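Shown next, in structure tokens, is the structure this report addresses.
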Amino acid sequence: MMKACREWEQFIVEYVDGVIEEQPRRSLEAHLASCTACAEAVRVQRWAKQAVGQLEREPAPDYLSRRIRHHARGSLRRQGAIRLLARASFATVVAASLLLAFWWGNLRPEKMSAVPVEEPTVAQAIVQEYVGAMSNDGFTDPSLQLLAREAQWKTLRLEPIAP
Amino acid sequence: MENTASGADSALRRVLVAIALWSLGWCASAQGQTPVQWLERVERAERTVSLEGVRVTQFFLPTPTPPVEEHIVRSGVRYRVEYLRPLVRRGEVLIDDGVRRFHFLPRLKKVDVLPSEQPLMLRRRQEMLKRLHWGEMLLEAKDAEPVAGRKTVLLVMKSAQGKPLRRWWIDREYGVILRMEELTPRGEVRMRTEYVRLTIPADVRPDRFAPRFPAQVQQQNILPPTRVFASVEEAQVLVPFPIRRPRELPSGYRLTEVRLRLIGQRPLVSLHYSNEVSSIALFQTRMPLRNHMPLMRSLSPLAVRVEKWQDGDVTLVLIGNAPPEVFQQIRKAVR
């Protein structure tokens with residue numbers, strides 16, 4: 001696990017939502033193959049998404065349906081009440097979803113922080129040092145240094161442990 | 001007798017005219033500066049000029065990457081870089097005040113704080129200028145096309161064997177690098193960066209370099225994992241085993257830097273050698289490196305050789321893109 005797991009958090013959410021771009025998706029999938037903590041985070045995120053989805057499809061209770069039907073047959077004033085009840089039930093579903101998201105969001109960082117920060121292997125450190133010393137004549141500004149390193153990491157398929 | 005004197009006069013006149021014309025041409029083509037003087041001017045500009053502009057950078061080899069567009073504000077050694085393209089990094093900001101470097105990553109809601117590498121860059125520039133003065137590398141200057149609407153001089157840096165290594169398009173008026181190309185030993189362009197819009201000199205307020213970020217952003221101080229030394233002796237005091245080095249170096253090669261990195265409190269030392277065209281690095285550690293195949297696989301896009309051997313309890317690894325005979329020469333000379 002080269003990249004700090006915290007840096008994958010945003011990508012994991014996009015990955016589960018299916019809106020992640022191609023390049024980060026491939027990098028993340030490679031990372032997931034070797035990082036059980038992030039794989040677990042993906043599994044939890046999928047579960048949470050599914051759970052929230054189920055909440056949104058929760059049928060209204062029978063007594064509520066009966067009351068709604070009863071009131072629907074009533075006067076225009078009663079129709080107003082139906083709308084109010086419908087809104088209230090929608091608000092309940094939304095609040096429940098938010099509570100679930102908040103509960104899960106609070107748990108997730110604890111899961112991630114439990115993962116120890118890994119040292120590079122000797123082989124990885126050797127690659128990083130070799131690349132770090134390459135092609136630098138002093139006429140590269142801070143941004144060019146950053147971009148050059150990123151290009152090398154992509155080429156060598158190794159994620160940097162530290163800049 | 002008279003004919004002989006008038007013939008000598010005429011020859012002298014022709015020589016003087018030729019010298020005058022050559023001097024005029026030289027003055028006109030490079031404003032009376034030698035190539036090394038041009039690079040010295042660039043070095044001064046790196047420390048003094050204020051500018052604001054948009055720059056596009058692209059890496060072509062070994063793997064092409066999408067172009068990166070940056071909005072750059074600079075005042076001497078202070079930089080503020082806002083990334084505009086690709087979309088995935090829009091909003092990222094890099095600030096370097098010459099002492100610290102702040103890298104704001106809005107997607108991760110964090111700022112990485114690192115020591116600035118500009119003191120190291122300054123040392124490398126000065127070393128390069130010394131080597132040019134000593135004739136260990138060659139530099140040519142010629143007129144070139146405008147870049148970002150500004151007149152330029154093209155500086156081509158070559159190895160002692162005449163292989164081009166870098167091309168810099170220099171602003172004639174301020175000495176700023178407007179375009180730069182990094183070349184492979186075969187002369188292919190590995191990387192190109194160039195300004196597409198530029199205001200110079202720019203009126204830059206000092207607060208543009210203040211590290212101000214949104215309140216909820218988390219700042220992380222990151223120590224660089226590596227220390228860089230100019231000599232083996234400087235690094236040796238921090239390493240518990242004798243650092244191995246080649247008794248002699250192939251002609252044209254020199255030690256460029258010594259790097260020391262701790263992995264779990266155990267040192268990994270590397271000596272880096274170069275002749276500007278090729279490079280070789282000698283790694284040594286007491287940590288076990290049982291299988292170096294992952295190392296070779298990772299480095300395969302760079303087309304380098306890797307050799308590993310053991311000397312007592314120290315594992316040595318030689319990596320480089322130098323010709324096989326140079327590689328073996330260094331391998332045999334290591335003690």
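The values are calculated or read from the model by the stated rules, or taken from the named source; none is laboratory data. As the structure is a computational prediction, the values presented were derived from the model and not from experiment. Cβ: placed from backbone, ideal geometry, glycine included. Neighbour counts: every protein chain shown.
Out of (1) over 25 Å from residue B:203 (Cα atoms); (2) in contact with a strand residue (DSSP E or B) (Cβ under 6 Å, 6 or more places away or on another chain); (3) surrounded by 19 or more Cβ atoms within 10 Å (Cβ to Cβ), the odd one out for residue B:128 is which?
Of (1) over 25 Å from residue B:203 (Cα atoms); (2) in contact with a strand residue (DSSP E or B) (Cβ under 6 Å, 6 or more places away or on another chain); (3) surrounded by 19 or more Cβ atoms within 10 Å (Cβ to Cβ), only one is false for residue B:128: (2).
From the list B:202, B:215, pick out the single residue that is surrounded by 12 or more Cβ atoms within 10 Å (Cβ to Cβ) and part of a loop (DSSP other than H, G, I, E, B).
On the way: B:215 fails: surrounded by 12 or more Cβ atoms within 10 Å (Cβ to Cβ).
Of B:202, B:215, the one residue that is surrounded by 12 or more Cβ atoms within 10 Å (Cβ to Cβ) and part of a loop (DSSP other than H, G, I, E, B) is B:202.
Please count how many residues of region B:40-58 are within 9 Å of chain A (Cβ to nearest Cβ) and either closer than 21 Å to residue B:201 by Cα or at pLDDT below 90 (or both).
The number of residues fulfilling the criteria is 4.
Does region A:29-40 contain at least one residue that is modelled with pLDDT of 70 or more, in contact with a strand residue (DSSP E or B) (Cβ under 9 Å, 6 or more places away or on another chain), part of a helix (DSSP H, G or I) and not hydrophobic (A, V, I, L, M, F, W, C)? Walk me through it before giving the result.
Residues of region A:29-40 modelled with pLDDT of 70 or more: A:29-40.
Now narrow it down to the ones that are in contact with a strand residue (DSSP E or B) (Cβ under 9 Å, 6 or more places away or on another chain): none.
No, that holds for no residue.
For region B:158-182, which positions are aliphatic (A, V, I, L, M) and modelled with pLDDT under 90? Let's see the steps before the verdict.
Of the residues in region B:158-182, the ones aliphatic (A, V, I, L, M) are B:160, B:165, B:170, B:176-178, B:180.
Result: B:160, B:165.
Only one of these conditions is not met by residue B:310: (1) within 27 Å of residue A:137 (Cα to Cα); (2) more than 11 Å from chain A (Cβ to nearest Cβ). Which number is it?
Status for residue B:310: all satisfied but (1).
Restricting to region B:275-290, count the residues that are within 25 Å of the chain's Cα centre (by Cα) and either of a type in the set (Asp, Glu) or facing another protein chain (nearest Cβ under 9 Å) (or both).
4
Are any residues in region B:134-150 out of contact with any helix residue (DSSP H, G or I) (no Cβ under 8 Å at 6 or more places or on another chain), in a strand (DSSP E or B) and exposed (fewer than 15 other Cβ atoms within 10 Å of the Cβ), and if so, which ones?
B:145, B:146 - these are the residues of region B:134-150 that are out of contact with any helix residue (DSSP H, G or I) (no Cβ under 8 Å at 6 or more places or on another chain), in a strand (DSSP E or B) and exposed (fewer than 15 other Cβ atoms within 10 Å of the Cβ).
How do the strands (runs of 3 or more DSSP E) wholly within region B:224-295 filter down when requiring 1 or more residues that are of a type in the set (Lys, Arg) and surrounded by 17 or more Cβ atoms within 10 Å (Cβ to Cβ): which remain? Spell out how you get there, then give the answer.
On the way: elements: B:226-229, B:254-263, B:266-274, B:279-285.
Result: B:254-263.
Can you find even one residue in region B:196-210 that is acidic (Asp, Glu), touching a Leu at 6+ places or on another chain (Cβ under 7 Å) and in the same structural domain as residue B:75 (by TED's automatic domain parsing)?
no
Conditions tested, residue by residue: (1) buried (at least 16 other Cβ atoms within 10 Å of the Cβ); (2) closer than 15 Å to residue B:208 by Cα; (3) facing another protein chain (nearest Cβ under 10 Å); (4) among the β-branched types (Val, Ile, Thr).
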{"position": "B:68", "(1), (2), (3), (4)": "yes, no, yes, yes"}
{"position": "B:72", "(1), (2), (3), (4)": "yes, yes, yes, yes"}
{"position": "B:75", "(1), (2), (3), (4)": "yes, yes, no, no"}
{"position": "B:79", "(1), (2), (3), (4)": "yes, yes, yes, no"}
{"position": "B:110", "(1), (2), (3), (4)": "yes, no, yes, no"}
{"position": "B:118", "(1), (2), (3), (4)": "yes, no, yes, no"}
{"position": "B:121", "(1), (2), (3), (4)": "yes, no, yes, no"}
